[in-house]
């Protein structure tokens, strides 16, 4: 059983989606409970990945190896290390939240909605555990299909534009990656094994070209400035669940790609391009932070805040020290919880008032005190308050950056001010003050279901902020190994 | 001379002979029972195809066999392509049964022409001589011209048939002219003989290349490559959907065989020359096909332009057999098998896509506009999902067969050193993804305009479902078909 844990984590939600689809949208209770059962089962099977994980081993664990397409030596090769394992848990956890969040709100085609998220969850587990280039690519691209449907069917008024933009933008990047993967296959004399590629000697010029091909693909996904424009559109139009999955998991795929592909396969190019990457990251942190400040739509604001936070992640990767990389990974997980929670909070308000405009609210604390408490807490986490998870990652990255270069750290640290500014200003306008209008006056406080998922997330955020050791412990050996590997030139 | 006549070995040509004999039977049955029992001709055609498939399997020989004084070849490649052809034609017959019956087109002529067209394809697939190739091509083409015009009351059909005939005749003429040039230069009509002569290098190069240009033009016309693609949109659009489905499926296999036999088995010595020609046409086809498809509102026309771009990708694989002017058997087999795999995958997807059009059509109504797909998810989630699979597969999104077809072709192209071409090809497939996405958007995001229930018969429903599942299933397990394609090529001349 231990041998097939990863396969189980991938295929259980995907196959579990079949009865959900089959149940049809007319039997709502059956669909919801079935989807919840599959999501919870999907989460439970990932827990042994953490409990059975040996943090001392830097290499891959829970490895599964089988031929898939012998014609091209493509393997069904799965495995996780300390870098990828936490994301599988995060993903499975968020899927449960998403199913809960869509419980009452989604009235149309609920079976397809739940099914699409379950499929999506399985595919993303596949991305994080694939160790074969083609397998990775296949999961990476297939995950576009459910998200395209989710945004397009259950999205807002401009959903068609947002869905197509999302799909084509992401496809643009991944197609170039496909060419790079095939090139690596030929260069390594017929291997799609990512671990083999880590050892492959590559000249400088091809390294840079491969780096760029990967960069386009992952930068779109992260998203990095200036290829981030699809994200605000997708977030604003997507249903709450879609935004949650996009922000919490899908954005991490790009950053994960950097650690799994770009850094170890082409380390020299990564060093060569580091300044460029750091510049882009800082632009994302500072400039996008300012952009977030002027947003009037809450979802857009959180979307820009996500871009800014992800800029922190890429910054952490490209300063090449332990603190930076680990901080970036912690930041990714923390952002997974916090952004998911923020989008869920906006979703909760949207379900009541059907508006995402900041101006349409005011004084929510008077009508929804429980909700306001949680919302403020998540906002604090989003702006990096100590004792929340948001602080840990940012602090580590800033320390790492200062180690590399003081001014780098200084610029990066402005995020603490900017993040606090745009998040708290939004909170001030939405939560505090007098009751804004009669819609706000009629708002009901959290239902027990809503309270459940928000409280669970709050618990995670708090736990990670107070005691991040369980998270950093599993990463430590793998990150160490990665950095050692990246430091060795392949030329 | 007559004294020297030796009875040729008929065994390798048994499927062709069987199908020819069966065509007479269909003719007679239709003559006597056609008015009262229309289903008999259709049934008999299906039985003939199944019989031919059985004979092909039984007479299959791992070693290539030449017969009719070296004019006809039976090898594994031929057997495989023929089996795929029967399969595609059979699927077309099932898909179109109700469509034809609703429109009164299920006449004996239809089935007879289908049999002859199939016979023509089989001869093309097995041709080992310029003349056999031409014979098969003409038999196929003339039957197809007739099929396009089968609905004689429709001016659109007649117009399409006229265009097809005039342009097709021109292409056949070009091909024949090119063949005569090559014959003049090498003194042989046999593909093996031509290859031999080219290998010895005694022939006049100018005449050869001159002939090659015409031959390549003829092939490009049949494949529908830019700039010989003009007929495709008009014929696809104008022909009855059942016939469009036929033209868009099995003949692609025959055209692939023609390209492979003529260019690789015959004119390999001129590979440096035809590689460049194919490269230019492949890139132009991918570009123009994908760009023009965006502007279409009629799904048959859209699929026509998509066919042009798909054949461009296929040819990209076909021309990648040579690396830096040298042909290494391993690389070459890889490249040709990627093209073969692409063709097989395309035929399967194309049948499915046109199958959806037939599925939504009903008596007196052609569901051929993109609008007709609006809100399909509300009318039938299952069929919408199947069509979604078909569209994403054509766009080259995994886990569907279309992705692995593109993957194999790109791999071959990059191996041959065409990295830039591969990048251009994927960039255009990004553009192409847009119009496939639009179909999905219509089905899922829009409200239905046509709320009539889907009246298609059980056979069409089941076949369409199986087709969709096959496109998905062969994407999850692509190895087997890839291996079959490679083995078929390895075991041929």
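The values are calculated or read from the model by the stated rules, or taken from the named source; none is laboratory data. What you are looking at is a predicted structure, and each value in this text was computed from that prediction instead of being measured. For neighbour counting, all protein chains shown are included, and Cβ atoms are generated from backbone atoms with ideal geometry for every residue, glycine included.
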Item checked: Residues of segment B:208-220 satisfying the condition of being surrounded by fewer than 24 Cβ atoms within 10 Å (Cβ to Cβ) and either within 17 Å of the chain's Cα centre (by Cα) or under 14 Å from residue B:315 (Cα atoms) (or both) -> B:217
Check: Quick one: would you say residue A:486 is touching a helix residue (DSSP H, G or I) at 6+ places or on another chain (Cβ under 9 Å), in a helix (DSSP H, G or I) and either in contact (Cβ under 8 Å) with a residue 40 or more places away in the chain or surrounded by fewer than 17 Cβ atoms within 10 Å (Cβ to Cβ) (or both)?
Finding: yes
Note to self: I need every pair where a residue in segment A:145-161 that is within 10 Å of chain B (Cβ to nearest Cβ) and at pLDDT below 85 has its Cβ under 6 Å from the Cβ of a residue that is surrounded by 24 or more Cβ atoms within 10 Å (Cβ to Cβ) and in a helix (DSSP H, G or I), sequence separation at least 6 or different chains.
What the structure shows: A:155/A:237
Note to self: Considering only segment A:79-95, I want to know if a residue exists there that is within 17 Å of residue A:7 (Cβ to Cβ) and within 14 Å of chain B (Cβ to nearest Cβ).
What the structure shows: no
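Residues are listed down the side, and each one gets a yes or a no for (1) in contact with a strand residue (DSSP E or B) (Cβ under 6 Å, 6 or more places away or on another chain); (2) at the interface with chain A (Cβ under 10 Å from one of its Cβ atoms); (3) under 21 Å from residue B:240 (Cβ atoms); (4) not in a helix (DSSP H, G or I):
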| residue | (1), (2), (3), (4) |
| --- | --- |
| B:355 | no, no, yes, no |
| B:358 | no, no, yes, no |
| B:382 | no, yes, no, no |
| B:402 | no, no, no, no |
| B:434 | no, yes, no, no |
Check: Which number in (1) buried (at least 16 other Cβ atoms within 10 Å of the Cβ); (2) part of a helix (DSSP H, G or I); (3) away from chain B (no Cβ under 14 Å) marks the one condition that residue A:31 misses?
Finding: (3)
Checklist line | Those residues of segment B:185-212 which are touching a helix residue (DSSP H, G or I) at 6+ places or on another chain (Cβ under 7 Å) and not in a helix (DSSP H, G or I), in sequence order | finding: B:187, B:188, B:189, B:203, B:204
Notebook entry, point to check: With (1) under 30 Å from residue B:65 (Cα atoms); (2) surrounded by 18 or more Cβ atoms within 10 Å (Cβ to Cβ); (3) away from chain A (no Cβ under 11 Å); (4) out of contact with any strand residue (DSSP E or B) (no Cβ under 9 Å at 6 or more places or on another chain) as the list, and residue B:492 as the residue in question, which single condition is left unmet?
Noted result: (4)
Check: Give me the pairs: first residue in segment B:144-168 and under 15 Å from residue B:242 (Cα atoms), second residue surrounded by fewer than 17 Cβ atoms within 10 Å (Cβ to Cβ), beta-carbon distance under 6 Å, and six or more apart or on different chains, which are they?
Finding: B:149/B:158
Check: Which of the residues that make up segment A:178-219 are within 12 Å of chain B (Cβ to nearest Cβ), farther than 15 Å from residue A:135 by Cα and assigned to a helix (DSSP H, G or I)?
Finding: A:183, A:186, A:187, A:206, A:209, A:210, A:212, A:213, A:216, A:217
Margin query: What's the number of the only condition in (1) more than 7 Å from every other protein chain (Cβ to nearest Cβ); (2) closer than 21 Å to residue B:424 by Cα; (3) more than 18 Å from the chain's Cα centre (by Cα); (4) touching a residue at least 40 places away in the same chain (Cβ under 8 Å) that residue A:173 fails to meet?
Written below: (3)
Notebook entry, point to check: Taking residue B:316, is it over 30 Å from residue B:359 (Cβ atoms) and either modelled with pLDDT of 90 or more or assigned to a loop (DSSP other than H, G, I, E, B) (or both)?
Noted result: yes
Check: When you look at residue A:136, is it more than 10 Å from chain B (Cβ to nearest Cβ) and at pLDDT 90 or above, yes or no?
Finding: yes
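Yes or no, residue by residue, for (1) surrounded by fewer than 24 Cβ atoms within 10 Å (Cβ to Cβ); (2) at the interface with another protein chain (Cβ under 9 Å from one of its Cβ atoms):
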residue	(1), (2)
B:378	yes, yes
B:387	no, no
B:396	no, yes
B:410	no, yes
B:423	yes, yes
B:447	yes, no
B:464	no, no
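Yes/no per residue for (1) surrounded by fewer than 21 Cβ atoms within 10 Å (Cβ to Cβ); (2) in contact (Cβ under 8 Å) with a residue 12 or more places away in the chain; (3) touching a strand residue (DSSP E or B) at 6+ places or on another chain (Cβ under 9 Å):
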| position | (1), (2), (3) |
| --- | --- |
| B:43 | yes, no, no |
| B:57 | yes, yes, no |
| B:67 | yes, yes, yes |
| B:70 | yes, yes, yes |
| B:77 | no, yes, no |
| B:80 | no, yes, no |
